[in-house]
Amino acid sequence: MHEYSLASAIVTQIEEIIKKYNVIRVKKIIVSASPYEMVIPDLLQEAYKIITHEMEKFKDSELLMEIKAAEITCIECDYTGEPTEEGDPEFAYNFLCPKCGSRDTHINMKQMIIETVDLELSEE
Amino acid sequence: MVENKQISVKKKAYVVNDAIAEKIRNTMKTKNKRFFNVMGSIGAGKTLILERIAKRLSPYYKVFVINGDVATTIDADRIAKSGATTVQINTGGGCHLSASLIQKEFDKINIDDYDIFITENVGNLICPAAWDVGAEKNIVVVSITEGEYVIKKHPIIFKGAQIAVINKCDIEGEDFDSKTLVEDASKIKSDMKVICTSAKTKQGIDDLITALGIDIPKRE
């Protein structure tokens, strides 16, 4: 379950960010990823709960994953951007390049972004 | 008083791992070292292939192999008998190696003492695909006993690889067929190098070493 490693990487980054603030607790983290990122949102949330279970500043916080468009790079014409349709029926990740029509395309993986973190801060 | 605040982060989730991986890649390039990441299912034949490679290259190169497994030092012990220096990482349940795990092992040795570095990643075709270990090339090993659909079912790991090894080709016949796997590995990525091997009979091992871009000195 690589979602555990991913959730751990997210928590590590958030811990670093919240050092700059007078944080009472983290309320919500929003990440975004394409449907082709090999991440099952439920498993990511499960892993996040396991990791943060005993972390006081993450108590009752939630990790939400928003789905964003996939990004491909065409080997033939160097187009980088969204594919216009689903992958090849035989090869699920061979997307059609909207510019030149080639299916010799590379799906850009590991594009998960930590978008925002909602914090409860102490004003004191 | 309590204040609620939303912070815009906009950072890649993998940024820490990828930064370490890039550092490893740069170090290897600067020092003119070779570093390869071998991935594949449990039982695909990764360890025997690495034993063959280590045996073939050890007379000419200093080879360092990092094995990833949930438990035991079986694979590292096996490959060590073929002339490579080996170290075993036990992930204790983790399903992949990561750049930080590799960096920790490199910190324990002098990189200059070796010429070629190889990781044998934890055996599965899913999780290792997402975690860059800093290698110059990713190699995926599948065996013909895994079924003719194994590449179609696991496209991502192949998309991120430069070499696909179709192993156990010595048992090609009525029940097992390499043809579909070779075709699929070629179709999934136009610049994929596809090598048929039998680690058991040593078929294709030299072809694989050549595909890695390693010169095998001629025997005297």
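The values are calculated or read from the model by the stated rules, or taken from the named source; none is laboratory data. Predicted model, so just to flag it, every value in this text is computed and none were measured. Virtual Cβ from ideal backbone geometry, glycine too; neighbours counted across all protein chains shown. Surface areas here come from the heavy atoms of the whole protein model, side chains and all, with no ligands, DNA or RNA. Shrake-Rupley method; radii C 1.70, N 1.55, O 1.52, S 1.80 Å.
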From the list B:ILE195, B:ILE163, B:ILE205, which one is in contact with a helix residue (DSSP H, G or I) (Cβ under 6 Å, 6 or more places away or on another chain), crowded, with 17+ Cβ neighbours inside 10 Å and in contact (Cβ under 8 Å) with a residue 60 or more places away in the chain?
B:ILE205
Taking the stretch A:74-124 as the search range and keeping residues that are within 11 Å of another protein chain (Cβ to nearest Cβ) and among the polar types (S, T, N, Q), which one is farthest from B:ILE156 (Cα to Cα)?
A:SER122
In the stretch A:70-124, anything at pLDDT below 90, within 30 Å of A:ILE18 (Cβ to Cβ) and outside any loop (DSSP other than H, G, I, E, B) is listed as none
Looking at (1) within 30 Å of B:GLU3 (Cβ to Cβ); (2) of a type in the set (Lys, Arg); (3) within 14 Å of chain B (Cβ to nearest Cβ), can you tell me which one A:LYS49 breaks?
(3)
If we take the stretch B:1-95, then strands (runs of 3 or more DSSP E) inside it with 2 or more residues that are within 14 Å of chain A (Cβ to nearest Cβ) are B:2-12
Collect the residues in the stretch B:190-202 that are among the basic types (Lys, Arg) and under 18 Å from the mean Cα position of the chain (by Cα), keeping them in residue-number order.
B:LYS193
Residues of the stretch B:1-35 that turn out to be in contact with a helix residue (DSSP H, G or I) (Cβ under 9 Å, 6 or more places away or on another chain) and open to solvent by less than 70 Å² (accessible area, probe 1.4 Å), as a count
16
Expected single match for in contact with a strand residue (DSSP E or B) (Cβ under 6 Å, 6 or more places away or on another chain), outside any helix (DSSP H, G or I) and farther than 30 Å from B:LYS12 by Cα among B:ILE214, B:ILE166 is B:ILE166
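Here's the yes/no breakdown for (1) touching a residue at least 24 places away in the same chain (Cβ under 8 Å); (2) over 30 Å from B:LYS5 (Cβ atoms); (3) open to solvent by less than 50 Å² (accessible area, probe 1.4 Å):
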| residue | (1), (2), (3) |
| --- | --- |
| A:ASP88 | no, yes, yes |
| A:ASN94 | no, yes, yes |
| A:CYS97 | yes, yes, yes |
| A:SER102 | yes, yes, yes |
| A:HIS106 | yes, yes, no |
| A:LEU119 | yes, no, yes |
Do you know which residues across the stretch B:181-192 are modelled with pLDDT under 95 and open to solvent by 60 Å² or more (accessible area, probe 1.4 Å)?
B:LYS187, B:SER190, B:ASP191
Find all pairs meeting these conditions: Cβ atoms under 7 angstrom apart; at least six residues apart or on different chains; first residue within the stretch A:18-30 and facing chain B (nearest Cβ under 8 Å); second residue in a strand (DSSP E or B) and open to solvent by 60 Å² or more (accessible area, probe 1.4 Å).
A:ILE24/B:VAL2
Considering only residues of the stretch A:1-46 that are open to solvent by 10 Å² or more (accessible area, probe 1.4 Å), out of contact with any strand residue (DSSP E or B) (no Cβ under 8 Å at 6 or more places or on another chain) and among the β-branched types (Val, Ile, Thr), which is farthest from A:LYS59 (Cα to Cα)?
A:ILE40
Out of everything in the stretch B:71-89 that is more than 19 Å from B:ARG52 (Cβ to Cβ) and more than 16 Å from the chain's Cα centre (by Cα), what residue ends up being surrounded by the most Cβ atoms within 10 Å (Cβ to Cβ)?
B:THR73
Filter the stretch B:182-206 down to residues that are touching a strand residue (DSSP E or B) at 6+ places or on another chain (Cβ under 6 Å), in a helix (DSSP H, G or I) and within 13 Å of chain A (Cβ to nearest Cβ), then give me how many there are.
2
Can you name every residue in the stretch A:52-73 that is within 12 Å of chain B (Cβ to nearest Cβ) and farther than 22 Å from B:LYS189 by Cβ?
A:LEU63, A:MET65
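Residue by residue, here is whether (1) modelled with pLDDT of 95 or more; (2) among the aliphatic types (A, V, I, L, M) holds:
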residue	(1), (2)
B:VAL16	no, yes
B:MET28	yes, yes
B:MET39	yes, yes
B:LYS46	yes, no
B:ARG56	yes, no
B:PRO59	yes, no
B:ASP69	no, no
B:CYS95	no, no
